[in-house]
Amino acid sequence: MAHIIPEDGTLLPLMEEFYTIQGEGYNTGKAAYFIRLAGCDVGCHWCDVKESWDAELYPLTAADVIIQHAAQHPAKAVVITGGEPLMYNLEYLTLQLQQQQIRTFIETSGAYPLTGYWDWICLSPKKFKAPLPEVALNAHELKVIVFNKSDFLWAEQHAQMVSPQCKLYLQPEWSKVNEITPLIVDYVMNNPKWEVSLQTHKYMNIP
């Protein structure tokens, strides 16, 4: 029987939740509670959590329960990721978190309309489903995964979509990290508006 997910966002398909250190982008190295919602139709072939794509595999969980779990940890910061979290209405979840003085962060492809109340929006666009302009304009951070040389031009095209205040990051795709990292290093040295992002959690062997 298919999930019937309430439009008010009080029930969400929760794949996993865990307390860890943020591994990528602007907030690297900071403790945070991760909430991974299931469901994604963007379909990146190099996705490292393909098991998150099918929301039907995971139980619908009350947003209030997720909030209770997040509030138990010392770091008052939550990262909502996926899958593609903006497939769901995140107004209720994020408002309740913020009312408990918990900062809200999201990582999204930007392919769906923006909902929720956010302290930090990380836009990580994917080639298979373009980000919406409204999400790009609201992004605090643009993180482009570099899989091959042509991705640098693709990254520049997306840099034109975000605000001048948005932080710009290039991150090597993990399976090609040894090949791609030197290219990113050279690119950032020649184009210093960009910064390097690494998946430091994988080096640390943590979630």
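None of the figures in this text is laboratory data; all of them are computed from the coordinates on show. Predicted, not measured: the structure shown is a model, and the values here were computed from it. Because the Cβ atoms are built from the backbone with ideal geometry, glycine has one as well, and the counts that use them run over all protein chains shown.
Dividing the mean sequence gap of close Cα pairs (under 8 Å, 6+ apart) by how many residues the chain holds gives a relative contact order of 18 percent.
With the biggest extent put first, the Cα atoms of segment 1-91 measure 39, 33, 19 Å across the principal axes.
In terms of distances greater than 21 angstrom between alpha carbons, the cross-link table entries 127/176; 30/76; 30/127; 50/149 yield 30/127; 50/149. Over segment 127-188, the ratio between the Cα radius of gyration and 2.2 N^0.38 Å evaluates to 1.13.
For residue 146, the residues 5 or more places off, or on other chains, whose built amide H falls under 5 Å of its own are 171, 173. At q = 0.16, 0.22, 0.24 Å⁻¹, what base-10 log of I(q)/I(0) does the Debye formula yield for segment 28-72 when every alpha carbon is treated as an equal point scatterer in vacuo? The Cα Debye sum returns log10 ratios of -0.60, -0.90, -0.95.
For a straight C-alpha distance cut-off of 15 angstrom, the aspartates and glutamates reachable from residue 202 (same-chain residues fewer than eight places away being disregarded) are 24, 48, 173. By DSSP, the beta bridges lying fully in the chain are antiparallel in about 30 percent of cases.
Just the projected area, averaged over all directions, of the convex hull on the alpha carbon atoms of the chain: how many nm²? The directionally averaged projection comes out at 11.1 nm². For the Cα atoms of the chain, what angle does the longest principal axis make with the long axis of helix 177-190, in degrees from 0 to 90, nearest 10? Orientation of helix 177-190: about 70 degrees from the principal axis.
Write out the cysteines belonging to the chain for which the nearest other cysteine Cβ is not under 4.7 Å, or none if no such cysteine exists. For the chain, the answer is 40, 122, 166, because their Cβ atoms have no other cysteine Cβ under 4.7 Å.
Expressed in nm to one decimal, what extension gain is obtained for the pair residue 71 and residue 130 from 0.36 nm per residue of sequence separation less their Cα-Cα distance?
17.9 nm
Residues whose amide H falls under 5 Å from that of residue 34, counting only those 5 or more places apart or on a different chain, are 18, 19, 20, 79, with hydrogens built in the peptide plane.
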